[in-house]
1. Residue by residue through the range 140-193, note down the ones that are hydrophobic (A, V, I, L, M, F, W, C), loosely packed, with under 14 Cβ neighbours inside 10 Å and touching a strand residue (DSSP E or B) at 6+ places or on another chain (Cβ under 9 Å).
2. Do we find that Leu382 is outside the structural domain of Arg298 (by TED's automatic domain parsing) and over 17 Å from the mean Cα position of the chain (by Cα) in this structure?
3. Before we move on, is Glu99 surrounded by 18 or more Cβ atoms within 10 Å (Cβ to Cβ) and either free of Cβ contacts under 8 Å to residues at least 24 places away in the same chain or not in a loop (DSSP other than H, G, I, E, B) (or both)?
4. Condition (residue is surrounded by fewer than 20 Cβ atoms within 10 Å (Cβ to Cβ), in the same structural domain as Ile18 (by TED's automatic domain parsing), not in a strand (DSSP E or B) and not small (Gly, Ala, Ser)) applied to the range 203-215: is it met by at least one residue?
5. For Arg376, work out the one condition from (1) crowded, with 22+ Cβ neighbours inside 10 Å; (2) in contact with a helix residue (DSSP H, G or I) (Cβ under 8 Å, 6 or more places away or on another chain); (3) in a helix (DSSP H, G or I); (4) of a type outside the set (Phe, Trp, Tyr) it doesn't fulfil.
6. Are any residues in the range 216-244 in contact (Cβ under 8 Å) with a residue 60 or more places away in the chain, of a type outside the set (A, V, I, L, M, F, W, C) and in a helix (DSSP H, G or I), and if so, which ones?
Amino acid sequence: MSIAISPVVKAADRAAFIDLPWQLYAHDPHWVPPLKSEMHGLIDPKKNPWFGHADAVFLLARRNGRVTGRISAQIDRLVLAMPAEQGGGPGVGHWGMFEAEDAETATALIKAAEDWLRGRGMTQAMGPFSLSVWDEPGLLVKGHDHSPTVMMGHHLPAYQAWIEGAGYTGVRDMQTYDLDITQDFPPIVQRIVASGERNARINIRKVDKSRFDEEAALLLGILNNAWSDNWGFVPLTDAEIAYAGKKLKPIVFEDLIRVAEVEGEPVAFMMTLPDLNELTRDLDGRLFPFGWAKLLWRLRKPQVRTMRVPLMGVVKRLQSTRLASQLAFMMIEYIRRDALVHYSATRGEIGWVLDDNQGMKSIAETIESTVNRIYRVYQKTL
């Protein structure tokens, strides 16, 4: 039967779009059901402030009336304003939220997304981005044999061949690093940390959650400075910062976020999150009627195996200096200690890390972490 592609219009379409992964990953032991309320919020222009600078279409594939795949196509005006060397520029459109049960469906979906982008003047298609670089960027090409951590994607292994078969080539790889945090770091790292502790100019402090808005603004200010030259970086708008803060506040803990100060000036930070996937896996994507109560109870004092480091930054003027590395090692060590003692964690995951970020890769290798997953962003000329 031929594949029919149609946009999400009605509530039933939206539900089918969100629910499809439950069908495709039913027998994948490493897939973690996302919270459906979060997914509905992600694609709702009335809730997600990303739509304040972007337009998107959500498409469903059906064979004989049965849903067999989905995809989004989107144009972000902030991406269009980016320099080409950072992965943006005029004519660069994105697609994402890609899922398909077979190659025929995949081909039809990708073509439909390309046609939508081409019809709006785009000359390059890049993806997957679900929906932006701040959500779940890239296709999983290594690491299908274990579950993703919080805010990380998981995809069927067949997708790589289907996307590359549609004429796409990899443009960037993003890596995550796996770390056994029950073991002390190598002696060289311990000496660097001890040296920093003797330096009266350096102070590593916890964040103060009672001043959440102020602290969030501080961290994002460092982030914008530290990451502004990175490939794919799109600055968050004020509305997006407020939206992200509201979502993150229940899952951030003061001893898992550190700010490094030099002579009283905040110059670096590291954010670590308990792996929320471990706390929500058995909810099957549903917070009602009892999921909310279970999750809130578990978040009172979360006990998890894994901690994820999604964000870390050092102000630009200190990057590539020995001081920057010292501050990073100190923050990692302090959070490692608290993760062990207070959260029962035994494993850390750093990332994602861009494949050309030599400074962060060097830090990850020095603490003897290893690459456990790779996410790839693809590009094609339309």
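1. Let us first name the residues in the range 140-193 that are hydrophobic (A, V, I, L, M, F, W, C), namely 140-141, 150-152, 156, 158, 161-163, 166, 171, 174, 179, 181, 185, 188-189, 192-193.
Narrowing the set further to residues that are loosely packed, with under 14 Cβ neighbours inside 10 Å leaves 158, 161, 188.
The answer is Ala158, and nothing else.
2. yes
3. yes
4. For the range 203-215, residues surrounded by fewer than 20 Cβ atoms within 10 Å (Cβ to Cβ), in the same structural domain as Ile18 (by TED's automatic domain parsing), not in a strand (DSSP E or B) and not small (Gly, Ala, Ser): absent.
5. Only one criterion is unmet by Arg376, namely (3).
6. Across the range 216-244, the qualifying residues are Asn225, Glu240, Tyr243.
Residues checked against (1) assigned by TED's automatic domain parsing to the domain that holds Ser228; (2) farther than 21 Å from Asp355 by Cα; (3) touching a Ser or Thr at 6+ places or on another chain (Cβ under 8 Å):
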position	(1), (2), (3)
Trp134	no, no, no
Leu140	no, no, no
Ala166	no, yes, yes
Arg198	yes, yes, no
Arg201	yes, yes, no
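For (1) crowded, with 21+ Cβ neighbours inside 10 Å; (2) out of contact with any helix residue (DSSP H, G or I) (no Cβ under 9 Å at 6 or more places or on another chain); (3) on the phi < 0 side of the Ramachandran plot; (4) of a type in the set (Ser, Thr, Tyr), each residue gets a yes or a no:
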| position | (1), (2), (3), (4) |
| --- | --- |
| Leu276 | yes, no, yes, no |
| Arg281 | no, yes, yes, no |
| Leu295 | no, no, yes, no |
| Pro310 | no, yes, yes, no |
| Lys316 | no, no, yes, no |
| Arg347 | no, yes, yes, no |
| Gly359 | no, no, yes, no |
| Ser362 | no, no, yes, yes |
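The values are calculated or read from the model by the stated rules, or taken from the named source; none is laboratory data. Quick caveat, the model's predicted, so the values are computed rather than measured. Virtual Cβ from ideal backbone geometry, glycine too; neighbours counted across all protein chains shown.
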